[in-house]
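Quick notes on the structure that follows.
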Amino acid sequence: MVVGPSGAGKTTLLAALGLMEQKHGGKTEMVSYTSRSIDTPGEMLENPRYYSVLLMNAPKAALVLFVSDPTGNVRFPSRMAQAFRAPVLGVVTKVDVSTPEERERAKERLRSAGAREVVDCSPVTGEGMDRLKSSIERMSREVFRA
Ligand SMILES: Nc1nc2c(ncn2[C@@H]2O[C@H](COP(=O)(O)OP(=O)(O)OP(=O)(O)O)[C@@H](O)[C@H]2O)c(=O)[nH]1
Ligand SMILES: [Mg+2]
């Protein structure tokens, strides 16, 4: 399951991981399920009245990705990860178009949201995608062993 602000790159990331088809230029309008992923619209993080909808859709998720855009300033609520049963992996996207300082700030936002690990990548250039995949595999395995 992916959670993060509008335009952070959640759908792009799921598409690059082969977990979802990306409709061209489309923003995500509602929670969308495939057999292997749950995509959510950015508004559900940006507007607290939707937090309950995120949590309602989370129980089936083996892993939650908090996706942060280093070129933006949207914060996740402090310790939000604790509200999820599944482990939370923080992902900083858009490494191809951001500065190291911006990425460091994005990582800090993810850590204060309670992400257990934080990785950075760009689904557009492919940078960091192998590292992301191994973190996803390792953290989802932990869930099934538990
Ligand atoms: N350069 C660059 N662009 C990216 C990257 N990831 C996503 N984008 C672009 O950012 C825009 C928004 O990406 P989406 O995947 O639709 O964002 P989203 O988080 O699903 O947004 P909502 O569905 O509105 O919540 C698109 O134009 C993507 O092509 C990246 O790593 N690098
Ligand atoms: Mg989307």
Item to check | Count of residues meeting criterion [on the phi > 0 side of the Ramachandran plot and of a type in the set (D, E, K, R)] in the range 1-41 | outcome: 0
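State whether one or more residues within the range 85-95 are open to solvent by 20 Å² or more (accessible area, probe 1.4 Å), more than 13 Å from the chain's Cα centre (by Cα), in contact (Cβ under 8 Å) with a residue 60 or more places away in the chain and under 24 Å from Thr28 (Cα atoms).
Filtering the range 85-95 for residues open to solvent by 20 Å² or more (accessible area, probe 1.4 Å) gives 85, 94.
Imposing the further condition that a residue be more than 13 Å from the chain's Cα centre (by Cα) reduces the set to 85.
Next, from what is left, pick out any that are in contact (Cβ under 8 Å) with a residue 60 or more places away in the chain: none.
Scanning the range 85-95 turns up no residue that is open to solvent by 20 Å² or more (accessible area, probe 1.4 Å), more than 13 Å from the chain's Cα centre (by Cα), in contact (Cβ under 8 Å) with a residue 60 or more places away in the chain and under 24 Å from Thr28 (Cα atoms).
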Item to check | Positions within the range 101-131 being open to solvent by 80 Å² or more (accessible area, probe 1.4 Å) and part of a helix (DSSP H, G or I), in sequence order | outcome: Glu101, Glu104, Arg105, Glu108, Arg111, Asp130, Arg131
Checklist entry - So, in the range 12-38, of the ones that are touching a residue at least 24 places away in the same chain (Cβ under 8 Å) and within 7 Å of ligand 1 (Cβ to nearest atom), which residue ends up surrounded by the most Cβ atoms within 10 Å (Cβ to Cβ)? => result Leu13
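The values are calculated or read from the model by the stated rules, or taken from the named source; none is laboratory data. Here the structure is a predicted model, which is why all the values come from computation and not from measurement. Please note: Cβ atoms are built from the backbone with ideal geometry, for glycine as well, and neighbour counts cover all protein chains shown. Surface accessibility is based on the protein's heavy atoms, side chains included, excluding ligands, DNA and RNA. Shrake-Rupley method; radii C 1.70, N 1.55, O 1.52, S 1.80 Å.
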